[in-house]
2 protein chains.
Amino acid sequence: MTSPAQQTALAYFEAWTNHDLDGAMAYVAEDVVCDAPAGRIEGAAAYRAFMAPFVGTLKNASLIASFGDDRTAVVVYDTETVPVPSAPAAECVTVVAGKITHSRFIFDRAPFDAARLRASGGRNAGS
Amino acid sequence: MTSPAQQTALAYFEAWTNHDLDGAMAYVAEDVVCDAPAGRIEGAAAYRAFMAPFVGTLKNASLIASFGDDRTAVVVYDTETVPVPSAPAAECVTVVAGKITHSRFIFDRAPFDAARLRASGGRNAGS
């Protein structure tokens with residue numbers, strides 16, 4: 001019942017949520033393109049640099065849903081990190097030959113921005 | 001190939017992205033619970049009040065992916081609204097008897113917050 005793209009997406013998810021970023025990167029193509037909230041990330045090195053700080057603060061992750069077909073998979077999950085107790089996210093990935101070549105990464109930056117402002121002693125300017 | 005939950009999620013998506021909020025609410029249960037970035041929304045009336053301003057500013061929406069099974073569906077899409085030119089979102093919904101009873105709604109609030117600050121003449125406090 002688990003599609004090929006979903007298998008790759010779930011193996012990737014299992015690895016990084018267990019703090020195994022090297023293992024996770026084995027499922028990411030060298031020329032990966034990731035459309036994240038802050039903009040586009042291109043290439044495996046940049047993608048790893050983007051993920052590392054997040055994985056470093058990760059306390060827990062739980063899968064909410066995953067689906068896929070031969071080429072596309074969606075993984076929805078919740079994360080608990082040091083700065084943000086609950087940050088749900090969705091990743092919609094394209095998988096070619098067992099590697100993620102494109103990722104559309106959706107999450108709410110607002111609680112991370114607010115935590116950063118608190119940590120810096122600033123005030124949230126949001127009304 | 002389209003699962004029952006996915007059919008409901010897509011019919012709902014078609015309706016609200018065509019500015020038919022009444023039609024969309026026909027697929028939403030009276031006691032719907034929606035976990036959105038800003039918190040939990042309970043009941044169809046509150047859910048409609050939450051969606052109305054967003055639908056009011058919607059210029060375009062495009063489906064990125066949808067998957068589902070008997071009970072759960074995920075819809076990933078991009079939206080163009082008056083304040084934000086591209087705001088991708090994911091909805092992971094539970095469907096019972098053709099109605100959405102739970103929705104996990106994931107999107108990035110940051111560009112909407114920034115647009116609101118600009119509109120109010122404020123400055124974005126983010127560094």
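The values are calculated or read from the model by the stated rules, or taken from the named source; none is laboratory data. Here the structure is a predicted model, which means the values were calculated and not measured. Here Cβ is always computed from backbone atoms with ideal geometry, including for glycine, and neighbour counts include all displayed protein chains.
Per-structure values
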item	result
Filter result for the condition that a residue is within 12 Å of chain A (Cβ to nearest Cβ) and among the hydrophobic types (A, V, I, L, M, F, W, C), over B:Ala52, B:Ala87, B:Ala29	B:Ala87
Boolean, A:Tyr12 is away from every other protein chain (no Cβ under 12 Å) and in contact (Cβ under 8 Å) with a residue 24 or more places away in the chain	yes
Counted residues, segment B:66-78 - those being of a type outside the set (A, V, I, L, M, F, W, C) and within 10 Å of the chain's Cα centre (by Cα)	1
B:Ala29 vs. criteria of a type in the set (A, V, I, L, M, F, W, C), more than 30 Å from A:Pro85 (Cβ to Cβ) and modelled with pLDDT of 95 or more	no
Residue within segment A:3-18 that is over 29 Å from B:Asp69 (Cβ atoms) and either of a type in the set (D, E, K, R) or surrounded by fewer than 19 Cβ atoms within 10 Å (Cβ to Cβ) (or both) present	no
Failed item, numbered, when B:Asp69 is tested on (1) within 20 Å of A:Val74 (Cβ to Cβ); (2) buried (at least 16 other Cβ atoms within 10 Å of the Cβ)	(2)
When residues of segment A:98-118 are limited to those that are more than 8 Å from chain B (Cβ to nearest Cβ) and among the small types (Gly, Ala, Ser), the one surrounded by the most Cβ atoms within 10 Å (Cβ to Cβ)	A:Ser103
Test for B:Val76: is it over 30 Å from A:Asp70 (Cβ atoms) and surrounded by 17 or more Cβ atoms within 10 Å (Cβ to Cβ)	no
Residues located in segment B:32-44, provided they are more than 10 Å from chain A (Cβ to nearest Cβ) and surrounded by 15 or more Cβ atoms within 10 Å (Cβ to Cβ)	B:Val32, B:Val33, B:Cys34, B:Ile41, B:Gly43, B:Ala44
Odd one out for B:Val95, checked against (1) crowded, with 20+ Cβ neighbours inside 10 Å; (2) within 11 Å of another protein chain (Cβ to nearest Cβ)	(2)
Odd one out for A:Tyr47 among (1) within 12 Å of chain B (Cβ to nearest Cβ); (2) aromatic (Phe, Trp, Tyr); (3) within 13 Å of the chain's Cα centre (by Cα)	(1)
